1. Put 39, 169 in order of accessible area, largest first, 1.4 Å probe: what do you get?
2. Order 198, 26, 81 by their accessible area, 1.4 angstrom probe, all chains in place, largest first.
3. What share of Cα pairs, in percent, lie more than 18 angstrom apart in the stretch 1-134?
4. Residues in the stretch 194-215, backbone N under 14 Å from the label point at residue 27 (7 Å along the Cα-to-beta-carbon vector): list them, ranges by number please.
5. Grab the Cα-Cα distance for residue 52 and residue 116, subtract it from 0.36 nm times how many residues apart they are, and report the gain in nm with one decimal.
6. What value, in deg cm²/dmol to 500, does the helix sum -39500 (n - 2.57) over DSSP H runs of n ≥ 4 give at 222 nm once divided by the residues of the chain?
7. Label points 7 Å out from Cα along the Cβ direction at residue 193 and residue 250: separation in nm?
8. How much solvent-accessible surface does residue 160 expose, in Å² to the nearest 10, with a 1.4 Å probe and all protein chains in place?
Amino acid sequence: MIAIVLALGAAFGWGTSDFLGGLKSRTLPLLSVLLISQSTALVLVTVFALVRGGGLPEPASLGYAALAGLAETAAVAALYRGLAVGSISIVAAVASTAPVVPLLAGLLLGEVPGVLQLAGLAVALIGLMVASYQSDQGGKGGQVLPSIGFGLLAAAGFGTFFLAMDTASTGDIGWALLTARLTAVGLIGAVVLVGRQRVTLPPKDIPAIALIGVLIVAADALYATASTLGMVGVVAVLGALHTLVTIALARIFLNEKLGRPQQVGVGAALVGVLAIATG
C-alpha cells in the first residue's frame with residue numbers, strides 16, 4: 001500500500017510539472033525552460049545526496065541511473081517534438097503506453113501480479129489511452145505516421161526511465177537521482193552549446209520554472225522509493241497517471257473541458273487504481 005501511495009504522489013508531481021512546463025514553453029524557449037528547471041532539480045538532488053551521505057554504489061547502479069536520465073530527457077524531447085509536428089491526440093495516446101515496457105520486463109523477471117491487479121493494470125492502461133485521446137477532425141493524414149513515431153519514442157523513453165530508475169534505486173536512491181539529473185543537465189547543456197542557443201528568461205518567470213525542477217525531484221524520489229517497495233510494473237502504471245493530473249489542471253486553470261472520451265478514460269483509470277490497491 002505504501003508503494004501505491006508513493007507512486008500516486010509521483011504521478012501528481014510529474015503531472016503538475018508537465019502542466020507548468022507546457023504552459024511556460026508556449027511563450028518561452030523550450031531549451032531555456034528545460035535547462036533552468038533541470039538545473040534547479042540538480043541543485044536540490046545534490047543537497048539531498050550530500051545530506052543523506054553514504055558511499056558510492058556499484059558502478060552498475062550508476063550506469064542504470066545515467067540511462068534513466070538519458071531516457072527521460074530523450075522522452076521529453078520526442079514528446080514535445082511530436083506535439084509540434086504531429087497530432088496531439090495520437091502522440092499522447094501512444095506515449096501513454098510507456099508502462100508496458102517495465103510491465104513486460106517485470107513479467108519476464110518473474111514479477112507476476114495477482115489476477116485483480118492484472119485486471120486493474122489493464123483497465124488503468126486503457127483509461128490512460130482513452131483519457132489522452134482527443135478528436136482531431138481537422139487533422140491531416142500526413143500527421144499520422146510522425147505522430148505514431150514520436151509517440152512510440154516517447155513511450156520507449158519514459159518506459160525505459162521507469163525500468164532503469166527502479167534498478168538504479170536498489171543501490172542508493174540519492175546517488176541514483178543525482179546521477180540521472182547530472183546526465184540530463186549534461187545532455188541539455190551540450191545541446192545548448194552545440195546549437196549555440198541563448199538561455200534567457202524574464203526574471204518574473206524564474207520562480208515558476210524553478211518550481212518545475214522542485215516537482216520533478218519530488219516525483220522522481222517518490223517513484224524511486226516506490227519502485228523499491230512494490231512491483232515495478234504496478235508502480236510504473238500508477239506513476240503514468242500523471243497524464244490525468246495534467247488534464248485536470250488544464251480543466252481547472254485553462255477551462256479546457258473534458259470530452260466524453262476523457263471522462264470515460266479518467267473513470268476507467270480510477271477504477272484501475274482501486275483494483276490495484278485492493279489487490
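The values are calculated or read from the model by the stated rules, or taken from the named source; none is laboratory data. The shown structure was predicted, so the numbers you read here are calculated from the model rather than taken from an experiment. Backbone-built Cβ (ideal geometry, glycine too); neighbour counts: all protein chains shown. Side chains included, ligands, DNA and RNA excluded: accessible areas come from the protein's heavy atoms. Shrake-Rupley method; radii C 1.70, N 1.55, O 1.52, S 1.80 Å.
1. Values: 39 40, 169 10 Å².
Descending order: 39, 169.
2. Ranked from most to least accessible, the order is 198, 26, 81.
3. 69
4. What the label zone holds, given the 14 Å backbone N cut-off, is 201-209.
5. Working: separation 64, 0.36 × 64 = 23.04 nm, distance 3.76 nm.
Full extension of this stretch gives 19.3 nm more.
6. -26500 deg cm²/dmol
7. 3.6
8. 50
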